[in-house]
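The values are calculated or read from the model by the stated rules, or taken from the named source; none is laboratory data. Model, not experiment: these values are computed from the prediction. Glycine gets a Cβ as well: all are built from the backbone with ideal geometry, and neighbour counts include every protein chain shown.
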Amino acid sequence: MMRTRPLKVALLGCGVVGSEVARIMTTHADDLAARIGAPVELAGVAVRRPAKVREGIDPSLVTTDATALVKRGDIDVVVEVIGGIEPARSLITAAFEHGASVVSANKALLAQDGAALHAAAEEHGRDLYYEAAVAGAIPLIRPLRESLAGDKVNRVLGIVNGTTNFILDKMDSTGAGYQEALDEATALGYAEADPTADVEGFDAAAKAAILAGIAFHTRVRLDDVHREGMTEVTAADFRSAKEMGCTIKLLAICERSADGTAVTARVHPAMIPLSHPLASVRGAYNAVFVESDAAGQLMFYGPGAGGSPTASAVLGDLVAVCRNRLNGATGPGESAYADLTVSPMGEVVTRYHISLDVADKPGVLAQVATVFAEHGVSIDTVRQQSRNPGSGDAVAIEQGGGGPREGGEASLVVVTHRAFDASLSGTVEALRKLDTVRGVASIMRVEGE
């Protein structure tokens, strides 16, 4: 039988996501009540600009005093979609202390202080759910911490930022440069006026920390995630990728070491084979590829941002938390029992695609090969092109053709076998010091093979 007293919900933030949450709570009220077993009532909405007209929201519910709202004592669930570290952290903690469970979409806060928030939720016997913090509408957090709870996850490889995927996809499909693709993303509303959080990988790194922590039952903080942005990716990189049968994506990669004693989390652009499922993820979509012992390979795909998709994930958590509330129970909390070592980037095993500008004269290949050998890095393939002096044209050098002609410049592309990232980066630094190397034009990791 349905309980007649409604469960009261406080909404912190009423922007793109918050306003959509409020709209769905109103328009789908009967369905939500039937699924939960009790009505849900929007009891208050905390905003910074109360004078703004918010269609469909009773103005009497709007307040600027978020602290008073979460401390009311009659609030069952607080939905936090304001983002950032403060005041979100203090408000969530206060919500727990005053008896409310919390649904959050705050990836930055969870990546930085997730352990403390989980501890506060557990102390007060309340829920902390955050499906919307990673990959928008895609069900990912709950499958990792519930559906795969009996399995051993070894790797999580994903495209978790729609803005960067749109830009890279545009560069790949049209040959556009980075700035041109970014300008189009901004015009279409995919990129913020200040796109730094997206294009420099900060957004994806926060999501990687959350995913790694859940997947490996180990506390992984934002500071543990190696991060590189994608602003240096060029049209020439895409041409090289296509020659290898690859494309380029900004990836969040979380993986367990071969011996199972450590984990790593990283975000950076990488070449992946066109045969890999993630290579076909286009536009602003997200996808996450999970590899586990028993389930094998799984891929989760869908819209990773936007008001409606993110609100869908928030409402899914709201239903789950309200059901728990009615049953006097709580859902899964933090699982960090494994407490594995979080290794630095240098201990990651990967491959490099390196493009060098070199002097066009005999002996260059031998010098370069010697540097790789001295650092214990094995070369997979080498491709060299000679440029005719003054013309800018590249002429491929055939194997056994006697080497480059003297006096010009050449482009040398080396793809390595798998090696420790520290050895690979050390190789690159040594190459920079060679007199015959005019410059390192590009460095790109190769993943997904």
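Data table
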quantity	calculated
Of all residues in the range 322-366 being charged (D, E, K, R) and under 19 Å from G125 (Cα atoms), the one that is surrounded by the fewest Cβ atoms within 10 Å (Cβ to Cβ)	R323
Some residue of the range 126-148 being more than 26 Å from the chain's Cα centre (by Cα) and either surrounded by 16 or more Cβ atoms within 10 Å (Cβ to Cβ) or in the same structural domain as A258 (by TED's automatic domain parsing) (or both)	yes
Selected residue (only one of V62, V79, V70, V102 is more than 30 Å from G201 (Cβ to Cβ), under 32 Å from the mean Cα position of the chain (by Cα) and modelled with pLDDT of 95 or more)	V70
Count - residues of the range 37-58 that are more than 19 Å from S104 (Cα to Cα) and either of a type in the set (A, V, I, L, M) or without any contact (Cβ under 8 Å) to a residue 60 or more places away in the chain (or both)	12
For Q179: the one exception among (1) crowded, with 23+ Cβ neighbours inside 10 Å; (2) in a helix (DSSP H, G or I)	(1)
Residues that are in a helix (DSSP H, G or I), surrounded by fewer than 22 Cβ atoms within 10 Å (Cβ to Cβ) and of a type in the set (G, A, S), drawn from the range 186-210	A187, A197
Unmet criterion (only one of (1) in contact with a Leu (Cβ under 8 Å, 6 or more places away or on another chain); (2) outside any helix (DSSP H, G or I); (3) within 25 Å of I24 (Cα to Cα)) for D74	(1)
Selection from the range 102-140 of residues that are within 19 Å of L278 (Cα to Cα) and part of a helix (DSSP H, G or I)	none
Meets criteria (closer than 19 Å to V134 by Cα and over 13 Å from the mean Cα position of the chain (by Cα)) for D259	no
Count of residues meeting criterion [under 30 Å from D357 (Cα atoms) and surrounded by fewer than 19 Cβ atoms within 10 Å (Cβ to Cβ)] in the range 245-265	1
Test result for P50, more than 25 Å from H118 (Cα to Cα), of a type outside the set (A, V, I, L, M), more than 31 Å from the chain's Cα centre (by Cα) and modelled with pLDDT under 95	yes
Selected residue [among the polar types (S, T, N, Q), out of contact with any helix residue (DSSP H, G or I) (no Cβ under 7 Å at 6 or more places or on another chain), at pLDDT below 95 and loosely packed, with under 14 Cβ neighbours inside 10 Å] from S386, S391	S391
Given (1) modelled with pLDDT of 95 or more; (2) in contact with a helix residue (DSSP H, G or I) (Cβ under 9 Å, 6 or more places away or on another chain), index of the condition V321 fails	(2)
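Here is a yes/no grid of residues against (1) assigned by TED's automatic domain parsing to the domain that holds H353; (2) out of contact with any helix residue (DSSP H, G or I) (no Cβ under 6 Å at 6 or more places or on another chain); (3) more than 29 Å from L148 (Cβ to Cβ):
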residue: A206; (1), (2), (3): no, no, no
residue: A235; (1), (2), (3): no, yes, yes
residue: A241; (1), (2), (3): no, yes, yes
residue: A258; (1), (2), (3): no, yes, no
residue: L274; (1), (2), (3): no, yes, no
